Amino acid sequence: MAPDHLTRGERLQIMLTPKELEAVDNWRFARRMPSRASAVRELLKRGLAAEGFDLVESGSQSKDFGVTGTSSESPTRDRAEKAAKAAKNDK
């Protein structure tokens, strides 16, 4: 039996488009990650550690968050882009 610190008791299932899955797999293979699950955990760790993450606006839906950036609009990215444009126009 594995030590408690090595077990994962929760399962997280996500749905990806073929293009999104290809992007994850390409990232995984380029870094010689041992499994798709380990690659996803590493990407999650990096994403959670990233600076500048905006809180999501209420009313956002799952479809608003794509992996490759082309699957849909991003509420956080779109808000940041609007703020940048407004700041530029104020100058």
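Once the C-beta distance of ALA87 and ARG31 is scaled by a Förster radius of 35 Å, the resulting FRET efficiency is 0.45 to the nearest 0.05. Highest-first packing order for the peptide set 9-19, 56-66, 36-46 is 36-46, 56-66, 9-19, based on the mean count of other beta carbon atoms within 10 Å. Near ALA49, once Lys and Arg are set to +1 and Asp and Glu to -1 for all other residues with Cβ below 13 Å from its Cβ, the sum equals +1.
Every number in this text was worked out from the coordinates using simple rules, so none of it is lab data. Since we're looking at a predicted model, the values are computed, not measured. Neighbour counts run over all protein chains shown; Cβ positions are idealised from the backbone, glycine included.
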